[in-house]
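Take a look at the structure set out below.
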Amino acid sequence: MTDNITGEFRRHGRIEVICGSMFSGKTEELIRRLKRAKFAKQQVEIFKPSIDTRYSDVDVVSHDQNTIQSTPIDSSSSILLLAGDNEVIGIDEAQFLDSGLVDVCNQLANRGIRVIIAGLDMDFKGKPFGPMPALCAIADDVTKVHAICVKCGSQAYVSHRLVASDKRVLLGETQEYEPLCRECYQKAENDKS
């Protein structure tokens, strides 16, 4: 916030994106930033897609079991309806939301709201996932976090699917996915052929 000439405070809106593969700490970083905002006595609201029920139907939960209360939603337009007078909006698993999320985030930021988004940047085939590429393009700040390749210990590139399914959206954990570097991912894909 800044003090303008009349002595009133004006908030500066912004969009922050946290992206990367599974097991890279995206949700952990989202929770960290949101808890800091709450500690600073800012009004915070967190949203997640209602289809993400892996750890909790309501809370955002990291793989390390850190939690923060959230509101499950079915579409990005719900965020505008529920944002209220909050100063900070958090959105987890943004790749599962519709493309309207880009416009929603722009509207919120233009209203002076800090929007923090976490999501997978690529699907299990290494293709850009949902609204994430467009969100990265409009963001004021993009943080790409990396998991460690479970095969060689290098920086992971993608979430490799371990189970046979061509469904783009398949909720899962370590039984269904593993983080792999580019080289190990290529090798795993070639071994399937």
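Derivation of every value follows stated rules applied to the coordinates shown; laboratory data play no part. Since this is a predicted model, take the numbers as computed values, not measurements. Note that each Cβ is placed from the backbone with ideal geometry, even for glycine, and that neighbours are counted across all protein chains shown.
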Cα-based reach from K187 at 18 Å (exclusive), listing lysines while leaving out same-chain residues under 8 positions away: K125, K127, K151
Let me make sure I get this right: for region 89-193, a, b and c are the square roots of the gyration tensor eigenvalues over alpha carbons, sorted descending. Under 1.5 in a/c it's rounded, otherwise prolate if a/b > b/c, else oblate. Which is it? prolate
Summed over the other residues with a beta carbon less than 14 angstrom from that of R33, with K and R at +1 and D and E at -1, the charge totals -1
Taking R0 as 41 Å, what's the FRET efficiency between R32 and D166 from their Cβ-Cβ distance, rounded to 0.05? 0.75
Additional length obtainable on full extension of the chain from L80 to D98, 0.36 nm per residue less Cα span: 5.1 nm
Have a look at the DSSP beta bridges in region 86-193 and tell me what percent are antiparallel, nearest 5. 60 percent
Taking 7 Å along the Cα-to-C-beta vector as the label spot, tell me the V145-K125 distance in nanometres, rounded to one decimal. 2.7 nm
